[in-house]
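Heads up, the thing below is written out as structure tokens.
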Amino acid sequence: MEEVDVEPAITNIPAVSNGKHLGFAWGPGDILVYETIYKPSGMCATSSGSCFVHEVRKDEDIYSPILRKLFNESHHIFVGLQTIKEDLPSKNKKNQFVSISKNYRSVIRACMEELQQVAVSTKDAEVATQYGNQVSILLAIELIWNLCEVLFIDAAPAGSLLLHLLDWVRLHKADVDEKAREVLQSESAAEHRDYWDVVVSYVLQGRLEEARQMLVKQATLQPAARNMYKLMDTLLSRMPFYNPGGTQTLTEFDVKWRNWHEEVDRCLQDNSFASNQHLELICKILVGDEDTLLEHKELLSTWYHFLVTRMLFCHPTVKPTELHYYAQSCMTMFLDMRSVPEPLDSILLAAFEYDIHQVIKDCSIALNNWWFVAHLTDLLDHCKLLQSHNLHFGSNLREFLLLEYASGLFTHHSLWQLAVDYFDHCPEFGRVYLELQIEHVPLETERKALKVLRICEERQMSEQVRSICKIMAMRSLRNNRLGSALSWSIRAKDAALATLISERFLHDYCTRGTFSDLDLIDNLGPAMLLSDRLTFLGKYREFHKLYGEKRFREAAKLLLSLMTAKIAPRSFWMTLLTDALPLLEQKEVSHNQYTQEEDIEQTKVELLRLALARNLAMAIVKEGTVES
């Protein structure tokens, strides 16, 4: 088994005394921790322990109302991704995968903006800090995802690769635009203290058109240096950028770029901008002078921005296979002698090295939940980029991460419904996980029980269906809701439980003289055959309906069949015989001679004997009259 890459984090539990024994109980997504009254040796202590039980959650993010939107929205994208047909042309599928990746990122960014707004508006410092931390995490997630989209999903070739990386840097270095807004809104933009920082930042990001517009403002203030600014404007306007959709080949672009680069270098060597330090600085950046770039770390802010800027002005046709060499050297130069890079640095470097599995592994360690790695891995797997990587214990990497993520969702009171779809799309172990997890869903209400039941029935999980129905039937029975209990027992197809509930119905009838839940009993249909007692209940109710409709002959036949079928409980025999009394007193004969004689032998109650004798006499007279 592999060693753990990092030491697990220590969780401090408040209000726990030093030296106290702690007991714990594992749950699906958390641990319950409590202080015991025992010493470490096992001897009973005289002092009492704390009365608190602490809940240690594995994933706190699922309880954030804003991040819950992230889980819900990404679930729809995930389900849509699973419907992409395998037989689509490769080019069409690639476009769809890139579109899906952008959808994921837009959901991340929307949640990030909402968290940012709440963090700014709240007056609670602790809440502001919590949301601020979540914003930082989502920023890192979106940064990594965007880079993976460029390198792995879109798989941009040489030429296009740099353009995508420029967009990546610009998107995640938005402070330049905020600073530019401040400068332009001031009374004199060219004299603002941040003016040159904005111009240089634009150049570092390859936003040369914006840089030219800013330089125009400075040129108007310095008529004597107008020619110098005009020369710089010419150099900036002539810098070639590769156009993937154009007719120019990559080789032709490379030749054109080298000619432009030589022209800039000549201007630098000729000291064309020696009298203006700011323009000379821009010229040095355009020729890709590394020392100049490293002197402006505060404007670059990150080593990967430094990498992209260096590629822009030194190696614009960089190939994907060459990228990791430049990435490693740029990180080393930018971070100086700092020995251990931050986790984000290691993840981005692994991405630049095209080591997908290391990216996923490092993200799994660094991030506090499985959402990111599960969805990114699923998308990469659909792109056929993870086919060679199976885990030694059975499931592939995609399925393992999806199972972990979905298992975490199942601990939430509402997000568990999303987890069902994730399990459905894990062909090897998804059903097993679903069967185990769904048994832990608390059935607080009948509505929730019906939701769980529908999920189980749709997937033909008969064992879980029976379990849920029996739980709900017993709960209704304890609450004396006999109709609901009987309905659940029929749904569970549990004969023993149906018998028990039927006897409760009959007992209540004996006590009160009326049936409850008549609609249910009247419409049992074939379900009454589930048990003898349920059959008797349904037929006995049918007898009452016939009697109420004055259909005495049919009622008498049904009552007689109930007596002779031996399905009535022994305690109910006297009730049946009592029900027979009014029928026996009817002027119309309900029973023939032999039936009457058999019935007389079964009772010793004088009242019944008398009624039966009268009815027997009437039968004899009537039969004698017919014969004569």
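Points to keep in mind about this one:
- For the range 343-365, filtered to residues that are surrounded by fewer than 21 Cβ atoms within 10 Å (Cβ to Cβ), of a type in the set (D, E, K, R) and within 28 Å of the chain's Cα centre (by Cα), the residue that is nearest to GLU404 (Cα to Cα) is LYS361.
- Criterion (farther than 15 Å from ASN369 by Cβ and open to solvent by 50 Å² or more (accessible area, probe 1.4 Å)) met by exactly one of ARG68, ARG105, ARG109: ARG109
- Leading residue by the ranking (farthest from TRP303 (Cα to Cα)) among those in the range 184-212 that are free of Cβ contacts under 8 Å to residues at least 24 places away in the same chain and surrounded by 12 or more Cβ atoms within 10 Å (Cβ to Cβ): SER186
- The residue of the range 451-488 that is most open to solvent (accessible area, probe 1.4 Å), among those that are farther than 22 Å from SER516 by Cβ and without any contact (Cβ under 8 Å) to a residue 12 or more places away in the chain, is GLN460.
- Selection of the range 81-100 for residues being open to solvent by less than 50 Å² (accessible area, probe 1.4 Å), part of a helix (DSSP H, G or I) and more than 15 Å from VAL420 (Cα to Cα) yields LEU81, LYS93, PHE97, VAL98, ILE100.
- Residue within the range 134-146 that is among the small types (Gly, Ala, Ser) and surrounded by 15 or more Cβ atoms within 10 Å (Cβ to Cβ) present: yes
- Given (1) modelled with pLDDT under 70; (2) loosely packed, with under 14 Cβ neighbours inside 10 Å, index of the condition ALA25 fails: (1)
- Against the list (1) open to solvent by less than 20 Å² (accessible area, probe 1.4 Å); (2) touching a Gly at 6+ places or on another chain (Cβ under 8 Å); (3) modelled with pLDDT of 90 or more, the condition ALA374 fails is (2).
- The set of residues from the range 425-445 being open to solvent by 70 Å² or more (accessible area, probe 1.4 Å) and acidic (Asp, Glu) comprises GLU428, GLU439, GLU444.
- Matching residues, the range 311-331, being more than 38 Å from the chain's Cα centre (by Cα) and open to solvent by 30 Å² or more (accessible area, probe 1.4 Å): CYS314, HIS315, THR317, SER329
- Within the range 147-183, considering residues that are outside the structural domain of THR249 (by the TED database) and of a type in the set (Gly, Ala, Ser), the one surrounded by the most Cβ atoms within 10 Å (Cβ to Cβ): GLY159
- From the list TRP145, TRP168, the one residue that fits, being at pLDDT 95 or above and closer than 25 Å to LEU67 by Cα, is TRP145.
The values are calculated or read from the model by the stated rules, or taken from the named source; none is laboratory data. In this text the structure is predicted, and so the values were computed from the model without any measurement. Neighbour counts run over all protein chains shown; Cβ positions are idealised from the backbone, glycine included. Just the protein is used for accessible areas: all its heavy atoms, side chains included, with ligands, DNA and RNA removed. Shrake-Rupley method; radii C 1.70, N 1.55, O 1.52, S 1.80 Å.
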